[in-house]
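No lab work stands behind these numbers, since they all come straight from the coordinates. Remember, it's a predicted structure, so these values are computed and weren't measured experimentally. For neighbour counting, all protein chains shown are included, and Cβ atoms are generated from backbone atoms with ideal geometry for every residue, glycine included.
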Amino acid sequence: MGINKTDIVIIGAGIIGTTLSYIISSLSNAKIILIEQENKVGVHSSSRNTGKVHAPFIYDPEKKKVIAKAALFGYEFWNEYCRLKKIPFKDDGIIEVATNNEGIKTIYRHLEWGIRNGLDKKDIEILDKKDIENIEPNVKCQTALLCNRDASVDYGEITRALANDANKNKVNIIMNSKVTKIKYAQRSNEEIHLKYKRYPDTNEKEIQCDYLINAAGGSSLGLVNMMGINHDYKNLHFRGDYWIAPHKYNSLTNHSIYSIPKFQQFPFLDPHWIIRSNGNREIGPNACPVFSQYGYNTKINLKEFVPRIYGFVKGFNIKRTKNVLFKKEILKMVSNEMLSSISKWHMINRVKKFLPSLKSKDFTAKGTSGIRSNLIDKKGDFILNPIFLNSNNTMHILNYNSPGATGAISIGFALTFKLIEKGIIKKDKEISNNPFNEKLIMDCVKEVKI
Ligand SMILES: Cc1cc2nc3c(=O)[nH]c(=O)nc-3n(C[C@H](O)[C@H](O)[C@H](O)COP(=O)(O)OP(=O)(O)OC[C@H]3O[C@@H](n4cnc5c(N)ncnc54)[C@H](O)[C@@H]3O)c2cc1C
C-alpha cells in the first residue's frame, strides 16, 4: 500500500484537535487528517471534566490573559453552536462563596478580574449574607460572587458534533490509530513522516504531511520528546474524581457553587457543588497525583509507577528534583488532595463547609475521573498557561488545561488565523462558511493573542 500524503495532520481528536480540524476545514481547502488512538473522539479530558463554560473571573488578567479572553468569547461561541446542534447549553450561572475573611478579599479581587477580563457589570455582582439567604437558602457563607454568564454543557457530546461537522468538511478522521514515530523535517520545505499503529492489526502505517499539529493532550509532551525537540518541561498528572449526589439533593441549590481554593498558588480549584447539563448534581473534582495521563484506576497507575519515576528523574539534577517533589506547599497540597481521593468523607466535608446539610453516607455512586497533565518548569514551578510550541512545520499544544474546553473555539480561530497570516494555510473560503457570527470571530482573533 502506498504512503498516505496530506497537507496537515492533527494528532489527537480531543476538543482542541477536533475544533481545529473543523475551523481550518471551514476556511481552507487544505487536505487534513485527524488521527486518534481511541475508537471514539473526545474520550479523555474532553469528556472527563466538570462541563463548565467558565466565566473568566478567576483568571488574573495580566498572568492568564490568553485563557481569560478565550473563555470570555467561549460563552457566546458554545451558546451559538449548542443552539444550532440542539445540544443542551444550561445557562445556569455560578456562585463563588467565601467562608472566611481571606476568602472575602479574593471574592472582591475576582470581581475586579472579571470586569477587567471583559465581563459586563450586569453579569457579575457581589452578594451579601442576606442576598445569599434569598437566592440560595441552603448555602452557608459570608460573602459570594454571582456570575450569570457561566453555563453547563457536555463537552464530550460537543466534540462528537464537531467531528461530524469536520467530517462533512472532508476532514479524514482516522480512529484506533496511535502515532508511534515522527520524523522531524529539518528544512521548512521538507515533509514530515509519521508512523502509526492501527488497531487491532497493529501493522505500522505511514503518512507524510507538510504541517503537523500535536494536540495529544496529556501525551503532547511525549510526542515533543519523540521528535527530539529541546525544552525545559516535565509533566505531572493529577486525577480529579467526582461523586454523584442522590436525587434528593436536586433541589438543594439552583446554581453550581464554587469555593475559594485553599491552595491558590496551584492551578487547581477545590471540589465544587456542580449542576451538570443533564441536571445531575455532583461533587468534585479533587487533584490527586497519579503516574499516567490515563491513570484512571490503580492497575494503570501501578503499571506506570516505575517508568514514570524513571522518566521524571532522568535528565533532572538532584536539586531540581528536590525542588519539585519536596516543596513544602506542594507536599501540603498533595497530601490534602490524596486524602480526598482515598476518603469520600474528606472530599464531601470540603463541600459541607458551604453546604452543611450534605451527608457523606448519601454519596454512593462514583462519577467520572479526569486527568489534568500539568507542566512544571526547571525550578519546579507549575506553568499556568497553555504553551504553543512552534518548530519547523509543527505546532505543539502543551499544558492545555482548564478552561481549555471553554476556550477551544476561540483558541481554534486564533491559531487558524495565525497560520493563515504566516502563509502556512491558504484561506480559500469565506468566514460566512462557518456558523459563528463574523464580528464575534474577528473580535476574538483580535483579543486572543497567542
Ligand atoms: C477534572 C477536569 C475538570 C475540568 N473541567 C473543565 C471545565 O469545567 N471547563 C473547561 O473549560 N475545562 C475543563 N477542564 C479542562 C478541559 O477538559 C481540557 O482543557 C480539554 O479537554 C483538553 O482537551 P485536549 O483536546 O487538549 O485533550 P484530550 O481530550 O485529552 O485529547 C487528546 C487526544 O489525543 C489522543 N492521543 C494522545 N496521544 C496520541 C497518539 N500518540 N496518537 C493518536 N492520538 C493520541 C488521545 O487519545 C485524546 O483523545 C477540565 C479538565 C479536567 C481533567
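Observations
- Segment Asn39-Asn225, length gained on full extension (0.36 nm per residue, minus Cα span): 64.5 nm
- Nearest 10 degrees, 0 to 90: helix 298-313 Cα axis against the chain principal axis: 70
- For segment 108-166, the relative contact order works out to 30 percent when only alpha carbon pairs closer than 8 Å and six or more residues apart are counted.
- Nearest-20 debye value, segment 88-195 charge dipole, Cβ charges on Lys, Arg, Asp, Glu: 840
- Close amide H pairs (under 5 Å, H built 1.01 Å from N) link Thr394 with Leu212, residues at least 5 positions away or on another chain.
- Gained length - Asp91 relative to Lys378, 0.36 nm times residue gap less alpha-carbon distance: 99.2 nm
- Low-density loop positions, chymotrypsin sites (Phe, Trp or Tyr not before Pro), segment 160-226 - DSSP coil, at most 16 other Cβ in 10 Å: Tyr184
- When the charge dipole of segment 67-192 is built from unit charges on Cβ atoms (+1 for Lys and Arg, -1 for Asp and Glu) and taken about the Cα centre, the candidate among His110, Ala161, Leu127 whose Cα reaches farthest toward its positive end is Ala161.
- Applying the Karplus relation 6.51 cos²θ - 1.76 cosθ + 1.60 with θ = phi - 60° to segment 422-430 yields 3J(HN,Hα) values of 7, x, 6, 10, 9, 7, 9, 10, 6 Hz, where x marks Gly and Pro.
- In terms of surrounding Cβ atoms within a 10 Å radius of their Cβ, Arg83, Arg239 rank from fewest to most as Arg83, Arg239.
- Look at Ile135, Ile213 and count the other Cβ atoms within 10 Å of each Cβ; fewest to most, that gives Ile135, Ile213.
- Evaluated with a Cβ-only charge set (Lys, Arg +1; Asp, Glu -1), segment 388-450 carries a dipole of roughly 140 debye about its Cα centre, given to the nearest 20.
- Where only alpha carbons of the chain are counted, the Rg and the Dmax (Å): 21.9, 72
- 3J(HN,Hα) from dihedral phi, segment 444-449, Karplus parametrisation 6.51/-1.76/1.60, rounded to Hz, x for glycine, proline: 4, 4, 5, 8, 8, 9
- Once the chain from Lys262 to Met175 is taken as fully extended at 0.36 nm per residue, the excess over their C-alpha distance is 27.3 nm.
- Annotation: the residues Arg187, Arg350, sorted from fewest to most other C-beta atoms within 10 Å of their own C-beta, follow the order Arg187, Arg350.
- Total charge dipole magnitude, the chain, about the Cα centre, Cβ charges on Lys, Arg, Asp, Glu only, Debye to nearest 20: 1260
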